[in-house]
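Some notes on the structure that comes next.
The values are calculated or read from the model by the stated rules, or taken from the named source; none is laboratory data. Small disclaimer: the values here were computed from a predicted structure and weren't measured. Note that we place each Cβ from the backbone using ideal geometry, even for glycine, and neighbour counts take in every protein chain shown.
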Amino acid sequence: TDDPEITNHVLWPTELIRQVGKLTAAHRYDRLSLLPSDPGEFQQELVAQDLPGCKSRKICITAKKIFSAACNFLMGTAYRLMQRYRNNPRKKVYLPKTNQYRIIMENSKKIFWNKAMFWGFIIGLCSMIATSIFYATDNFESNARTWIDIAISVAGIIAAAAAFRNATDEKTPFAYSRALGLGVMTQFFASIILAVFTYILVKFIDPGIIDQALATAEEKLLDSGFDPDMIESQIEMQKKFMTPMFMAAAQIMNGLIFGLLISLITSIFMKRKSEEGFQKAMNEIDDEA
């Protein structure tokens with residue numbers, strides 16, 4: 001159109017080519033022709049950006065600037081953090097206190113069961129050798145065998161507690177209750193070995209051991225001055241329980257009782273105070289963090 005009002009306010013495609021050099025997406029297609037209008041009015045379709053005072057382009061430019069500023073801020077922050085880490089002479093990574101405690105306790109549990117089973121096997125093996133010696137010399141019911149078994153159990157429980165202390169550092173707690181549990185479990189594994197040995201000995205090797213044990217018990221009751229009728233009834237009652245399976249089960253129960261009694265005393269000397277080791281380490285971690 002030749003209307004100067006329109007040409008002064010609206011940029012037509014030819015003017016856009018002159019100023020920009022390339023048509024925008026809205027101008028790359030043929031425009032729709034409008035219905036016939038009066039002279040001096042628009043004769044074809046207009047795009048929103050072609051109208052005076054359009055705000056869409058300004059909004060796009062503003063959003064682009066905000067996005068660019070946010071990206072620059074995040075990248076700058078990440079760069080500064082990396083530089084601070086590189087310039088830090090102490091590059092140690094400290095785990096939280098709960099993680100430190102969990103790792104220490106998991107390691108101590110593995111050592112606990114390892115020492116209990118190993119020294120339980122040693123106690124059982126030594127007791128088997130001592131029992132075999134007394135059996136070969138016809139002194140199976142001797143009181144000396146009982147005292148030797150107790151001495152072997154005491155030495156084995158002390159050795160298990162000492163091995164646990166040597167295998168762990170001062171950060172690992174070893175309280176009285178834990179030392180007591182270690183002694184009981186050590187004797188428990190030893191009792192299982194001795195129970196199997198007792199069952200095989202009584203069931204297959206020499207079943208006459210039961211009669212020998214009953215005769216020894218009857219002799220002790222006679223020496224104590226009990227009535228013969230009472231002794232006979234007592235022996236008859238014991239015969240019902242003197243079976244290989246019952247003797248093996250009694251071996252385990254007696255072992256647990258002996259282990260508990262021995263550990264109640266040895267744990268007093270073998271325990272490790274947590275304040276001296278573990279708590280001190282935890283305080284150092286808190287100070288460094």
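In table form, for the structure just shown:
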quantity: F258 being at pLDDT 85 or above and surrounded by 17 or more Cβ atoms within 10 Å (Cβ to Cβ); calculated: yes
quantity: Of all residues in the stretch 168-209 being among the β-branched types (V, I, T), part of a helix (DSSP H, G or I) and in contact (Cβ under 8 Å) with a residue 40 or more places away in the chain, the one that is surrounded by the fewest Cβ atoms within 10 Å (Cβ to Cβ); calculated: V196
quantity: The stretch 136-151, residues that are aromatic (F, W, Y) and either under 15 Å from I209 (Cα atoms) or more than 48 Å from the chain's Cα centre (by Cα) (or both); calculated: F140
quantity: Qualifying residue in the stretch 270-285 (condition: among the small types (G, A, S), touching a helix residue (DSSP H, G or I) at 6+ places or on another chain (Cβ under 9 Å) and either part of a helix (DSSP H, G or I) or modelled with pLDDT of 85 or more (or both)); calculated: yes
